Amino acid sequence: MRLLTLLFIIISIGLVRAQDSNVLKERYAVPEEYTRVESSPSSFACYLQNLELKTKGSKVYYHDGRIKDRPDVYCGVVDLDIGSRDLVQCADACMLLYGEYLYEQKSYNAISFDFVSDGKPRYYADYTEDRSYKAFRKYMNYVFAYANTRSLYHQLGARSIMDMQIGDVFIQTGNPYGHAVIVVDMAVNATTGEKVFILAQSYMPAQEIQILKNPRDNKLSPWYSLEDATIYTPEWTFKPEDLRHY
């Protein structure tokens, strides 16, 4: 009996430590009977699953230093600087994460984003020969100023909801503006094949990238079900046909 009690305590401590982890895939346990999707070490999916988060309970900050005190919207904050300008909004956050991944991989020639004005790409390699992180973020600010949900929507390819992958983006162009969120983790039920996923976003005005809660299912949150015909996030509603990919 004492041995079982000790084992229970050890397991409980381990679970608490995992939930307090600053790594996304370690903080958010998969639902019961689900298995997290495994990704190759150098993939964008792996980069997203291993995103560094701020300490559990951290608040989201706007670009101007104000706090977004919305416990109904998010349950985690990505530890990534957004600068002090009103630039990293919704589509920008999706572009920043992809750009950060490519920069980390030293895939400099692959870093490019289309501009809304002409639909043509602007390449990091053409923008500057400087490969410092400071130069990269300067290039990204340049992109944020001239790209938006409309340009990103057309840059990305369509994806069937049943083929969803980590790194895919739900995106609407909207009028006068749209919104975009990115899939940062997924898990699969081995018995039924049902998939669940976690979403991240920035919003307006520019704010830190946040892990979204599921407002329709507190028990499942922050996971969302792929079986839902409509994806209700705390600040936007998406349809399956809004899914696109890099």
What's the angle, to the nearest 10 degrees (0 to 90), between helix 90-104's Cα axis and the longest principal axis of the chain? 90
With just the Cα atoms defining each centre, how far is region 35-101 from region 198-245? Give it in Å. 13
Beyond 27 Å, the calculated P(r) of region 84-218 holds a percent of Cα-Cα pairs equal to 23
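So, with a 1.4 angstrom probe, what is the percent of accessible area on region 116-181 that is carbon and sulfur? Numbers along the way, then the final one.
On the way: 1650 of 3520 Å².
For region 116-181, the apolar C and S fraction of the accessible surface comes to 47 percent.
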Please give the residues of region 28-47, grouped as numeric ranges, whose backbone N is less than 18 Å from a label point set 7 Å along the Cα-to-Cβ vector of residue 219. 29-35
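Could you work out the helix-only [θ] at 222 nm for the chain, with each DSSP H run of four or more residues adding -39,500 (n - 2.57) and the total divided by the number of residues, to the nearest 500 deg cm²/dmol?
Helix-only estimate at 222 nm: -8000 deg cm²/dmol.
According to the square roots a ≥ b ≥ c of the eigenvalues of the Cα gyration tensor, what is the shape class of region 22-67, taking rounded for a/c under 1.5, prolate for a/b larger than b/c otherwise, and oblate for the remainder?
Oblate.
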Give the lysines reachable from residue 219 as a straight Cα distance under 29 Å; neighbours fewer than 8 places away on the same chain don't count. 25, 54, 56, 59, 68, 195, 239
Pair residue 158, residue 107: separation of 7 Å Cα→Cβ label points (nm): 2.4
Which label marks the calculated value of Rg and Dmax of the Cα atoms in Å, given the options [x] 21.8, 62; [y] 18.6, 71; [z] 17.7, 57? [y]
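The values are calculated or read from the model by the stated rules, or taken from the named source; none is laboratory data. Please read all numbers here as calculations on a predicted model, not as lab measurements. So basically every Cβ, Gly included, is an ideal-geometry build from the backbone, and we count neighbours across all protein chains shown. Remember, those area values only see protein heavy atoms, side chains included, never the ligands or the DNA or RNA. Shrake-Rupley method; radii C 1.70, N 1.55, O 1.52, S 1.80 Å.
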